[in-house]
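Data block below; observations after.
The values are calculated or read from the model by the stated rules, or taken from the named source; none is laboratory data. It should be emphasised that the depicted structure is a prediction, and the values quoted were computed from it without experimental measurement. Ideal geometry is used to build each Cβ from the backbone, glycine not excepted, and the neighbour counts take in all protein chains shown. Just so you know, the surface numbers come from the protein's heavy atoms only, side chains and all, with ligands and any DNA or RNA stripped out. Shrake-Rupley method; radii C 1.70, N 1.55, O 1.52, S 1.80 Å.
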Amino acid sequence: MSELLALGVSHKTAPVGLRERVALTDTGALELLSGLLADESVHEAVAISTCNRTEVYLVAGDPVEAETAVLGMLARRAGTRPTELAPAIYSLRNCDAARHLFRVTAGLESMILGEAEVQGQVRRAYELALGAGATGPLTNRVFTAALATGKRARSETAIGEGATNVPAVAVRLARDVLGELDGRRVIVLGTGETGELTAAALAGQGARTVFVANRRRERADSLARRFGGLVVGFDDFPAELGDADIVVASTSSPHAIMGAEELETVMAARERRPLLLIDIAVPRDVEPACAAVEGATVYDIDDLQAVVARHRSGREAEAERAEEIVEQEIQRFARWLGSLEVLPTIQALRGRAGTIVERVLAENAGRWETMSERDLDRIALVARAVANRLLHEPTVQLKDAPRDRAHAHMHLLRELFALNDEAPELDEEREGAQVRRLRRPAE
């Protein structure tokens, strides 16, 4: 029986310096999934990568081999040995893996409790894997269930009310460091979703926003119109630093954009007038060495945790209610997962019964030469009905049994009815229909 696995690193287990080395772009995620699926032990895979986590969800026939494959690939990506990366990796299986994914999607594992953005990030990661053909019945089920759980948590509790996001916390940090932001000149480096959220957080603070555009000039122009900012080209970025008070960096670049040498030149031209740099990108946009440049103050994504702790808004009670929803949905998923484990045995048992019925009918076919075809059909129907009714109660008991007892029942049935040959595969048409239904992600 294949198992569901979850392996990853997060802000709870690894600093940003390590997380950025295993962070995945969409292209990187697809490459990772392709590499994993080339391993015979891996049947399905989905990869999630955000500023706070990189996680891989797998369905594997050999969990140990699959875990080794994931660890090896992430270690190569990080440029380190698997033994050095292993202490930061968490590994979960089956319902524990599903529970973790449900908690992530509900915002219970986020640095900012109840953040809404993570639901969209999980959805996009799932859809990327789905489009690449990397998912299957089990990952389809667990991800659609996780998205439904996240939606329930936010609609049935107030965990998301008053919740903030990383860009808003970055702006709050700027206000904590510099005081009021009215009239301050802020450069937003990155015009993606995070850049948009940063602009929204700055809009109410009276700051003068400058968007730095690289390939997405139209996107930058749109943001500037919405939030009353200016747009400059990427080549003009160094010159703009001369008048800036704050830089908020949030690009998806795989490499640092600002180095210590370049910043030293800028700060010398500014005559060391203070410059606050808040880097919320993973991988980081600002080299860590920039923190040593005189006049520059640098904060990264991990530094925001202290701000989050100071401004925690008391959503712990709502988090408990969200936890209850997660557990309800996990129980539902566990029942479904348990049914997958017993289905091969049930199918084998019913297949054996069907074979016996057909064999007995064939053995007695010559003894009923005086009976009509209609009567023979009735006898066959009665024989099959007797077999089905006889197996009905064992089938129900096996499906409804707790997981530990179900395993014992399965072994006993296989021994008593000589079912120890390889079990038949799940009905292809039934599973295919299930996959097609699951390909519509939950709203």
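At a glance:
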| read-out | value |
| --- | --- |
| Any hit, region 69-87, residues being among the aliphatic types (A, V, I, L, M), buried (at least 18 other Cβ atoms within 10 Å of the Cβ), under 14 Å from G8 (Cβ atoms) and under 12 Å from the mean Cα position of the chain (by Cα) | no |
| Condition broken by A281, with the remaining ones in (1) open to solvent by less than 30 Å² (accessible area, probe 1.4 Å); (2) over 26 Å from T164 (Cβ atoms); (3) among the small types (G, A, S) satisfied | (2) |
| Residue match in region 149-162 (condition: modelled with pLDDT of 95 or more, more than 11 Å from the chain's Cα centre (by Cα), open to solvent by less than 20 Å² (accessible area, probe 1.4 Å) and within 18 Å of A29 (Cα to Cα)) | no |
| From the options R389, R359, R384, residue that is within 30 Å of F333 (Cα to Cα), open to solvent by 70 Å² or more (accessible area, probe 1.4 Å) and out of contact with any Lys or Arg (no Cβ under 9 Å at 6 or more places or on another chain) | R389 |
| Unique residue being under 30 Å from A268 (Cα atoms), without any contact (Cβ under 8 Å) to a residue 40 or more places away in the chain and open to solvent by less than 40 Å² (accessible area, probe 1.4 Å) when the list is T209, T198 | T209 |
| Residue within region 294-309 that is in a helix (DSSP H, G or I), of a type in the set (D, E, K, R) and open to solvent by 30 Å² or more (accessible area, probe 1.4 Å) present | yes |
| Residue that is farthest from A78 (Cα to Cα) [pool: residues in region 8-28 that are touching a Leu at 6+ places or on another chain (Cβ under 8 Å) and open to solvent by less than 10 Å² (accessible area, probe 1.4 Å)] | V9 |
| Residue check for R270: under 20 Å from P15 (Cβ atoms) and in contact (Cβ under 8 Å) with a residue 24 or more places away in the chain | no |
| Residue within region 161-179 that is among the β-branched types (V, I, T), touching a Phe, Trp or Tyr at 6+ places or on another chain (Cβ under 6 Å) and assigned to a helix (DSSP H, G or I) present | no |
